[in-house]
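As structure tokens, the structure follows; a few thoughts come after it.
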Amino acid sequence: MKIYRAGIIGTGFIGAVHIETLRRLGNVDVVALTDKCNAKETAEKLNVPFFFSDYKKMIDTMDLDTVHICTPNNTHYEIAMYAMDHGINVICEKPMCTTIEEAKALVAKAAEKGLVGGINFHNRFYPMNNHLKNIIQDGELGSIFSITGNYTQDWLLFDTDYSWRLSSKESGNTRAVADIGSHWMDLAEYVTGQKIVAVNADFSTIHAKRKKPKKTVLAFSKETFSEKDYEPVDIDTEDNANVLFKFSNGAIGSAFFSQVIAGKSVDINLQIGGYKKSAEWHSMSCNQLTIGNRDSYNETIEKGIATVHPDTRPLIAYPFGHAEGFPDAFKQSFRSIYSHIADPSGSYEHATFEDGLHEMILCQKIFESNQKQGWVGI
Ligand SMILES: NC(=O)c1ccc[n+]([C@@H]2O[C@H](COP(=O)([O-])OP(=O)(O)OC[C@H]3O[C@@H](n4cnc5c(N)ncnc54)[C@H](O)[C@@H]3O)[C@@H](O)[C@H]2O)c1
């Protein structure tokens, strides 16, 4: 069995999840990590043999098969380009980068070099979302006419909450949309097989100014400081986005993306309306799927080998009753991407660089729609 040599770039919140999850695959060695801050301490804590503060040095010296890009969005493009120019496959966190032009260049580079580029839209890999995709494909819900939901969080509610994500320079020109809306839109399109063809968006920002800590804080940190340890900054990205959608089959949709709804740490909801049945998935009970019936009782399907669509079974690692959640979805996303690297001719479920480009286009069009306050075609 080939053992892949992986290097992780960025070891904040999500980089550490990548390291932990990759170790569960069995065919990936995390041989090195890079972080601008505390690389040595993180490598010791996570037992990674080599560490760097400059990703170029890691790529130049570590004979890697893959890099995982887990840094702020505005660094993804240059890191992915450098890796692919050195013949290395790329697993990139979402959003793929910060502009459509960068995303197009990354798609072209992966094709030119014959490399795999994967985007970690991991919500596809909750077994019940894959099951939903398969039963929709089989026609169980009938034709789909509505796709609605939300992705809400609360970690940026207070004006003392701060992250690189708040600045359009680091995040890209949308924040709630690119950071969490991209997950919802990828999931909605993946399970229904329909593409978003037009958007109509309205944004709001509840804190036009925030208090930025003078020292760096990790994403999702609830650390607070005394008044003198903050500096005021203007905020140029949205806290809330309300978006209407038109889908390729004529279905209509809507979603609310927010990072300031108290009590919602990570709350994703997807509701699908079909001519025969409806379906609803909720991240807070991710091992369940509710099927709505008009003339009979509603059904709640629990994740299990016997309860899911036969094509979903490979995504289930543990028996009925053992929950599989966020890190398990990451594991399945990475397993799919590494299988693609091993056999480029197969067909896989993960999001590709092409999907990453599509999401970048959606984010940009949503941004333009909010500016224009009207419908924008994709
Ligand atoms: N798939 C998901 O569910 C998910 C969840 C969270 C974050 N993300 C994505 O992961 C990325 C990172 O987010 P995060 O929450 O981990 O952020 P974070 O701020 O917690 O961590 C980012 C890390 O990158 C390091 N870094 C910054 N620039 C660097 C560079 N040039 N070279 C090396 N290291 C650098 C920082 O020091 C920090 O440790 C973002 O693109 C985000 O959208 C995805």
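Yes or no, residue by residue, for (1) over 23 Å from ILE196 (Cβ atoms); (2) touching a helix residue (DSSP H, G or I) at 6+ places or on another chain (Cβ under 6 Å); (3) of a type outside the set (Val, Ile, Thr):
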| position | (1), (2), (3) |
| --- | --- |
| GLY273 | no, no, yes |
| SER283 | no, no, yes |
| GLN288 | yes, no, yes |
| ILE291 | yes, no, no |
| ALA317 | yes, no, yes |
| GLU349 | no, yes, yes |
| HIS358 | no, no, yes |
Among the residues of the stretch 214-243, what is the count of those that are aliphatic (A, V, I, L, M), part of a strand (DSSP E or B) and touching an Asp or Glu at 6+ places or on another chain (Cβ under 9 Å)? 2
Suppose we keep only residues that are assigned to a helix (DSSP H, G or I) and of a type in the set (S, T, N, Q) within the stretch 47-82. Which one would you say is farthest from the ligand (Cβ to nearest atom)? THR61
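For every residue, the table says whether it meets (1) surrounded by fewer than 22 Cβ atoms within 10 Å (Cβ to Cβ); (2) modelled with pLDDT of 95 or more; (3) within 30 Å of PHE367 (Cα to Cα); (4) touching an Asp or Glu at 6+ places or on another chain (Cβ under 8 Å).
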{"residue": "ILE8", "(1), (2), (3), (4)": "no, yes, no, no"}
{"residue": "LEU22", "(1), (2), (3), (4)": "no, yes, no, no"}
{"residue": "ALA39", "(1), (2), (3), (4)": "yes, yes, no, no"}
{"residue": "MET62", "(1), (2), (3), (4)": "yes, yes, no, no"}
{"residue": "ASP65", "(1), (2), (3), (4)": "yes, yes, no, no"}
{"residue": "PRO72", "(1), (2), (3), (4)": "yes, yes, yes, yes"}
{"residue": "HIS76", "(1), (2), (3), (4)": "no, yes, yes, yes"}
{"residue": "ALA83", "(1), (2), (3), (4)": "no, yes, yes, no"}
{"residue": "GLY87", "(1), (2), (3), (4)": "yes, yes, no, no"}
I need every pair where a residue in the stretch 333-355 that is at pLDDT below 95 has its Cβ under 7 Å from the Cβ of a residue that is assigned to a loop (DSSP other than H, G, I, E, B) and crowded, with 20+ Cβ neighbours inside 10 Å, sequence separation at least 6 or different chains. PRO344/VAL116
Scan the stretch 83-112 for residues that are part of a loop (DSSP other than H, G, I, E, B), over 21 Å from TYR338 (Cβ atoms) and more than 9 Å from the ligand (Cβ to nearest atom) and jot them down. CYS97, THR98, THR99
Looking at the structure I just gave you, is GLY273 touching a Lys or Arg at 6+ places or on another chain (Cβ under 8 Å), buried (at least 18 other Cβ atoms within 10 Å of the Cβ) and in a strand (DSSP E or B)? no
In this structure, does LYS40 turn out to be without any contact (Cβ under 8 Å) to a residue 24 or more places away in the chain and either assigned to a loop (DSSP other than H, G, I, E, B) or not β-branched (Val, Ile, Thr) (or both)? yes
Pick from the stretch 290-319, criterion among the hydroxyl-bearing types (Ser, Thr, Tyr) and part of a strand (DSSP E or B), ranking: surrounded by the fewest Cβ atoms within 10 Å (Cβ to Cβ): THR300
Six or more apart or on different chains, Cβ under 7 Å: which pairs go from a residue in the stretch 66-83 that's touching a residue at least 40 places away in the same chain (Cβ under 8 Å) to one that's of a type in the set (D, E, K, R) and not in a strand (DSSP E or B)? Could you list them? ILE69/GLU93; CYS70/GLU93; PRO72/GLU170; ASN73/GLU170; ASN74/LYS169; ASN74/GLU170
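Is there a residue in the stretch 244-257 that is at pLDDT below 95 and under 23 Å from the mean Cα position of the chain (by Cα)?
Checking the stretch 244-257: not a single residue is at pLDDT below 95 and under 23 Å from the mean Cα position of the chain (by Cα).
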Could you look through the stretch 175-194, keep only residues that are away from the ligand (no atom under 14 Å from the Cβ) and not in a helix (DSSP H, G or I), and pick out the one that is surrounded by the fewest Cβ atoms within 10 Å (Cβ to Cβ)? GLY193
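The values are calculated or read from the model by the stated rules, or taken from the named source; none is laboratory data. Keep in mind that what you see is a predicted model, and the values were worked out from it rather than measured. Don't worry about glycine lacking a Cβ; one is built from the backbone with ideal geometry, like all the others, and counts go over all protein chains shown.
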